[in-house]
Amino acid sequence: MLNKRKYFINLAILLLLGCTSSGRLASENKDREALKEKTMLSSPDTERKVDSVLALMTIDEKVGQLVQYNGKWDATGSKSSKRYKYKIEKLKKGEVGSMLNIISVTSIRETQRLVMEHSRLKIPLIFGYDVIHGYQTMFPVPLGESASWDLEIIEQSAAIAAKEASASGLNWTFAPMLDISRDARWGRIMEGAGEDTYLSTQIGVARVNGFQGNNLSDINTIAACAKHFAGYGFGEAGRDYNTVQVGEYELHNIILPPFKAAANAGVATFMNAFNDIDGVPATGHKILQRDLLKGKWNWEGFVVSDWGSIGEMQAHGYATDKKHASEIAIKAGSDMDMESYAYEASLKPLVEEGKVSIALIDDAVRRVLRVKFQLGLFDDPYKYCDEKREATEVYSTEHLEIARDVAKKSIVLLKNEKDILPLSKDLKSIAVIGPLADDKDSPLGNWRAQAKYNSAVSLLEGIKAAVSDNITVYYEKGVDLTVPTVTPGENQFLFPLEFNTTDRSGIPKAVEAAKKAEIVLLAIGEDAYQSGEGRSQTDIGFKGLQMELLEAIQKVNKNIVIILMNGRPMDLSRPSELVPSILECWHLGSQSGHAIADVVFGDYNPSGKLPVSFPHNVGQEPLYYNRKNTGRPSSKGNVAFSSYRDAPNTAFYPFGYGLSYTTFTYNNLNLDKTEITVNGSLEVSVDITNSGNVDGEEVVQLYIRDLVGSITRPIKELKGFKKLKLKAGETQTVKFTIDSETLQFYTANKKWEVEPGQFNIFVGGSSETELQDTFVVIK
Ligand code: BGC
C-alpha cells in the first residue's frame with residue numbers, strides 16, 4: 001500500500017530544498033498571455049518546484065525520466081518474461097519516466113505504485129496512449145471528422161476522448177497528428193486533417209484545446225502531443241516511413257505552420273518522426289527541434305521520440321550504434337526515448353566521457369518534470385485513478401449521442417443526380433448490400449484505442465432503426481472484402497489484410513435483392529485496417545470483388561447510392577459512372593449506421609466538405625489544389641505544357657467540395673478597399689443565399705492568390721472559412737478580414753512577411769470556385 005502521507009512529506013522536503021525559479025515567462029506575445037490565463041505556461045512556482053526536484057536527482061534518475069517503456073506485457077509476453085522483470089526492476093528503481101499502452105485504472109495504479117513505493121524520489125510516471133479519435137466512444141477517423149469543417153464539434157470530440165482516457169487513468173495522448181498529407185497512397189492520411197495547411201492548423205489547434213482544456217491539471221484533461229515533427233506526411237511515393245525531400249520554403253510554408261500553432265496553443269508535448277528529411281532523420285534534427293521549436297518558438301514542453309526512432313537512426317545510416325544515436329538525438333532535442341532502449345544505456349556514459357553535457361540532460365529532464373507538475377501528478381500521482389469515474393464516464397450514453405452528431409456532420413455528399421437522396425420514408429423496399437453493409441467493426445476505423453471489437457452501429461442496423469415496419473429492408477453481403485488471416489480485434493500491426501477473395505457465391509443473391517428493391521444502398525470501400533500506419537497502397541481503387549458486385553447490381557437496378565466507407569481518398573471514377581449517388585461516409589465511429597441513416601433520410605442535410613482532393617486515378621498522386629502554376633500552365637497549341645495526356649491536372653472531387661440537399665448561391669462579392677499597405681487590412685463580404693427548398697449548412701471558403709512573389713506562390717490558398725446555417729430562401733452576409741496574418745509567407749528573405757503586389761481573392765463553396773476579385777498591397 002502506498003503511504004500517501006509519507007509521499008507528501010517527502011515531496012514537501014524536496015520543495016523546501018528547492019532553489020529559485022528559472023521560469024521563462026518573459027514573452028509579451030498575445031498567444032502567450034492567453035496561455036497564461038489558461039495555465040498552459042509554466043509559472044515561477046512550477047519552475048521552482050522543477051528545479052528543486054532536479055537538484056536531488058542522480059544521473060541515473062535523470063536518465064530514467066527520459067525513458068519510456070511500452071507496457072503491454074500482458075498481451076505480448078508472459079509476466080515471467082525476462083523483459084517484463086527487467087522493466088519492473090527499472091520502475092522500482094525510479095529509472096523510468098513514462099509508460100505507454102497501459103490500459104485501465106487498475107493497471108495504471110499498479111504500475112504507478114511500483115514507483116511510489118520503491119523508488120528513492122517517487123517521481124510519478126506519466127502514462128501515454130494513442131487516443132486518436134476517441135477512447136472507447138469512437139468518433140470519425142480524423143480525416144473524416146475534418147470533413148465537418150466544424151471546429152466546435154472537433155474540439156468537443158477531443159474533449160470527450162480526453163474525458164474517457166483520463167477516467168481510465170491516462171494522462172497523455174499521442175495526438176493530434178498534424179502532418180499535412182497530399183498523397184492518398186499514404187495509409188496515415190486517415191489520421192490527420194488532410195492536404196491543406198490552413199485547415200489543418202485550425203483543426204489541430206481545436207484538437208489540442210479539446211484534449212488539454214483550460215488547465216492541464218483538471219481531472220478531465222490530458223496532455224496532447226503534436227506529431228510527427230516533421231515532414232512525415234511527405235514520404236516519397238506515399239510509402240510509409242519513406243525518405244522526405246522538401247525544400248526549405250515548402251517546409252516552412254506548408255508543413256510547419258500547424259506545429260507552430262500547436263506550440264502557441266500550449267501543446268504539452270511533441271513527437272518527432274520516423275522519416276529523414278533532406279538527409280537528416282527527424283529524430284536527430286537539431287535545426288528543427290532545438291533551434292526552431294525550443295529556440296525560436298520558445299516552446300516549453302518535451303519531445304518524445306517516435307517508437308524506436310532513436311535506434312532507427314542506425315538503419316538510416318546516420319548513427320553507428322545506439323550510443324551514437326543517443327548522442328545525436330539528445331543533442332538534437334529529443335527528450336524522451338520511446339522504446340529504443342538507447343538512452344538508458346548510453347546517456348550516462350556519454351556524460352561521463354564528456355560527449356554530452358549534463359546541462360542538456362537537465363534541460364530534457366526539466367521539460368519532462370514540468371509537464372508532470374502541470375498535470376498535477378506531483379500533488380497526487382493517483383489523481384486519474386478512480387474506478388468510479390472509469391465505470392460511469394467511459395462510453396456513456398451522452399458521449400454516444402455526441403458521437404452521432406459529429407459523425408453525421410462529417411459525411412460528404414459527393415454525387416446526387418436527380419436528387420435521389422434523401423430517401424423518402426414512404427418507400428416500400430430498400431436493399432442494403434455490400435461487404436461493409438452489416439460490418440460492425442470497420443466503421444470504428446484504425447487507431448481505435450479501446451473501442452470494443454464489433455461495437456459500431458452498422459449501416460444495416462442504422463437503416464432498420466430509422467424506418468417503419470412498412471418498409472422491407474433486404475440485406476445481402478454479396479462478397480467479402482478481405483480474407484481473414486488472424487483473429488479479428490488483434491494488434492493492428494499484426495493484422496495483414498488479404499484481398500484475393502474468390503468467392504462469388506453471394507453475388508446472385510445480392511442481385512436478387514437489388515431486383516426486388518426500389519433503391520440499393522451499396523456499402524463498399526475499405527476495411528478499417530486498410531488505412532493507418534504501415535498501410536500504404538499503390539492502388540486506391542476498390543479491392544477484392546467489390547467492383548464486380550457493383551457492376552452486377554447495376555445491371556438490374558440503377559437506383560444505387562454508394563455508401564463509401566474509407567480512410568483515404570479513393571479512385572471513384574469508374575463507380576461514379578455507374579451510380580447516380582455517392583455518400584462519403586469515411587470510418588465514422590461508434591454511431592456510424594445511425595449517422596448515415598440520419599443523412600440518407602434527410603433528417604440531417606449533409607454539410608461536409610472534402611479536406612483532401614480525390615483523384616481521377618492514382619497516377620495523379622500526390623494531388624492537391626494549392627499547386628504551383630509552373631512555367632507552362634496551359635496549352636499553346638501543342639503538347640509541351642504541364643499536363644497529363646490521359647487525365648486532367650485537377651481533382652475528380654476537389655478539396656473543399658461537398659453537396660447539400662439544397663443549393664447555395666454566392667452574390668455581391670465586395671472588398672471595402674482595393675489597395676492596402678503591408679500592415680493594413682481590408683474586409684471582404686459576400687452574400688450567400690440558400691436557393692433551394694430545405695434548410696442547410698454551407699462552408700463558405702476564402703482563398704487568395706499572390707500573383708508574384710520572391711518565391712513562386714500557389715494558384716490558390718485557403719485563408720478562411722465559416723460554416724453557416726441557412727434556412728430555405730434565407731440570405732446571409734459573411735465577412736472576412738484580410739490582413740498581414742493572411743498574406744504573409746516565408747519569403748526568399750527567410751522571414752515571414754507580406755510582399756507588395758497584386759492578389760486575387762476567391763470566395764465560394766469549394767476550392768474550384770471562380771467568384772473572384774483583386775486588390776493590391778503597397779509598401
Ligand atoms: C506511431 C506513433 C505512435 C506510436 C505509439 C508509432 O508507430 O508512429 O504515431 O504514437 O507508435 O503507439
**Request:** Give region 171-224 a look and list any residue that's within 13 Å of the ligand (Cβ to nearest atom), in contact with a helix residue (DSSP H, G or I) (Cβ under 9 Å, 6 or more places away or on another chain) and either over 30 Å from E390 (Cα atoms) or not small (G, A, S) (or both), or say none.
**Result:** W172, T173, P176, M177, L178, D179, W186, G187, R188, M190, E191
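Okay, residues lined up against (1) within 16 Å of the ligand (Cβ to nearest atom); (2) among the polar types (S, T, N, Q); (3) open to solvent by less than 30 Å² (accessible area, probe 1.4 Å):
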site: K93; (1), (2), (3): no, no, no
site: K122; (1), (2), (3): no, no, yes
site: F127; (1), (2), (3): yes, no, yes
site: H133; (1), (2), (3): yes, no, yes
**Request:** Would you check if there is a residue in region 743-751 being surrounded by 13 or more Cβ atoms within 10 Å (Cβ to Cβ), at pLDDT 95 or above and polar (S, T, N, Q)?
**Result:** yes
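So that you can scan it fast, the table gives a plain yes or no per residue for (1) within 13 Å of the ligand (Cβ to nearest atom); (2) over 23 Å from R370 (Cα atoms); (3) in contact with a Leu (Cβ under 8 Å, 6 or more places away or on another chain); (4) open to solvent by 10 Å² or more (accessible area, probe 1.4 Å):
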position	(1), (2), (3), (4)
E250	no, yes, no, yes
F259	no, no, yes, no
L293	no, no, no, no
K296	no, no, no, yes
S305	yes, no, no, no
Q314	no, yes, no, yes
**Message:** Looking only at region 162-183, count every residue that is under 19 Å from S613 (Cα atoms) and basic (K, R) and tell me the total.
**Reply:** 1
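Is one or more of the residues making up region 207-218 open to solvent by less than 10 Å² (accessible area, probe 1.4 Å) and out of contact with any strand residue (DSSP E or B) (no Cβ under 8 Å at 6 or more places or on another chain)?
Yes, the conditions are met somewhere in region 207-218.
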**Message:** Can you confirm whether G534 is out of contact with any helix residue (DSSP H, G or I) (no Cβ under 8 Å at 6 or more places or on another chain) and assigned by TED's automatic domain parsing to the domain that holds L497?
**Reply:** no
**Request:** May I ask you to list pairs of residues, at least six apart or on different chains, whose Cβ atoms are under 7 Å apart, with the first in region 243-272 being of a type in the set (K, R) and the second being not in a helix (DSSP H, G or I)?
**Result:** K260/W297
**Item:** Answer residue from region 219-248, given it is charged (D, E, K, R) and under 27 Å from D539 (Cα atoms) and is surrounded by the most Cβ atoms within 10 Å (Cβ to Cβ) among those
**Value:** K227
**Request:** Determine which member of the set S740, S691 is at negative phi, small (G, A, S) and either touching a strand residue (DSSP E or B) at 6+ places or on another chain (Cβ under 6 Å) or open to solvent by 60 Å² or more (accessible area, probe 1.4 Å) (or both).
**Result:** S691
**Asked** Residues in region 636-644: is at least one closer than 30 Å to I402 by Cβ, surrounded by fewer than 19 Cβ atoms within 10 Å (Cβ to Cβ) and of a type outside the set (A, V, I, L, M, F, W, C)?
**Response** no
**Request:** Being open to solvent by 10 Å² or more (accessible area, probe 1.4 Å) and among the aliphatic types (A, V, I, L, M) is the filter here, so list the residues in region 566-583 that pass it.
**Result:** L578
**Prompt:** Could you list, in sequence order, the residues of region 602-619 that are open to solvent by 20 Å² or more (accessible area, probe 1.4 Å) and farther than 15 Å from E697 by Cα?
**Reply:** H616, N617, V618, G619
**Message:** One residue is enough: does region 451-458 have a residue meeting the conditions more than 29 Å from S168 (Cα to Cα) and surrounded by 19 or more Cβ atoms within 10 Å (Cβ to Cβ)?
**Reply:** no
**Item:** Subset of region 267-282 (residues that are open to solvent by less than 10 Å² (accessible area, probe 1.4 Å) and either more than 21 Å from G204 (Cβ to Cβ) or away from the ligand (no atom under 16 Å from the Cβ) (or both))
**Value:** P281
**Item:** First in region 193-215 and within 26 Å of P622 (Cα to Cα), second anywhere and buried (at least 24 other Cβ atoms within 10 Å of the Cβ) and polar (S, T, N, Q), Cβ under 6 Å, 6 or more apart
**Value:** A193/S146; A193/S200; G194/S146; I203/S146
**Request:** Consider L288 carefully, then state whether it is open to solvent by less than 10 Å² (accessible area, probe 1.4 Å) and more than 16 Å from the ligand (Cβ to nearest atom).
**Result:** yes
**Fill in**
Taking region 645-684 and keeping only residues that are open to solvent by 80 Å² or more (accessible area, probe 1.4 Å) and either under 26 Å from A147 (Cβ atoms) or part of a loop (DSSP other than H, G, I, E, B) (or both), one is left with R645, D646, D672, K673, T674, N679
**Contacts under 9 angstrom Cβ, first residue in region 393-409 being closer than 14 Å to G593 by Cβ, partner modelled with pLDDT of 95 or more and among the aromatic types (F, W, Y), 6 or more apart** = A403/F139; A407/F139; A407/W586; K408/Y604
**Fill in**
Within region 95-110, residues under 20 Å from F174 (Cα atoms), more than 16 Å from the ligand (Cβ to nearest atom) and either open to solvent by 40 Å² or more (accessible area, probe 1.4 Å) or among the polar types (S, T, N, Q) (or both) come out as S104, S107
**Prompt:** Which one of the conditions (1) crowded, with 19+ Cβ neighbours inside 10 Å; (2) in contact with a Phe, Trp or Tyr (Cβ under 7 Å, 6 or more places away or on another chain); (3) acidic (D, E) does E697 fail to meet, given that it meets all the rest?
**Reply:** (2)
**Request:** Tell me, yes or no, whether region 685-697 has at least one residue that is out of contact with any Ser or Thr (no Cβ under 8 Å at 6 or more places or on another chain) and in a strand (DSSP E or B).
**Result:** no
**Request:** With the condition kept exactly as written, say whether any residue in region 339-347 is away from the ligand (no atom under 16 Å from the Cβ), open to solvent by less than 50 Å² (accessible area, probe 1.4 Å) and within 30 Å of S607 (Cβ to Cβ).
**Result:** no
**Message:** Consider region 368-402. How many of its residues are open to solvent by 10 Å² or more (accessible area, probe 1.4 Å), of a type in the set (K, R) and outside any loop (DSSP other than H, G, I, E, B)?
**Reply:** 3
**Message:** One residue is enough: does region 77-87 have a residue meeting the conditions open to solvent by 10 Å² or more (accessible area, probe 1.4 Å) and touching a residue at least 24 places away in the same chain (Cβ under 8 Å)?
**Reply:** no
**Request:** Tell me, please, whether a residue that is surrounded by fewer than 23 Cβ atoms within 10 Å (Cβ to Cβ) and within 16 Å of the ligand (Cβ to nearest atom) can be found in region 316-334.
**Result:** yes
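The values are calculated or read from the model by the stated rules, or taken from the named source; none is laboratory data. This structure is a prediction, so every number in the text was calculated from the model and none was measured. Cβ sites come from the backbone with ideal geometry, for glycine too, and all protein chains shown count toward neighbours. The area values use the complete protein model at the heavy-atom level, side chains included, leaving out ligands, DNA and RNA. Shrake-Rupley method; radii C 1.70, N 1.55, O 1.52, S 1.80 Å.
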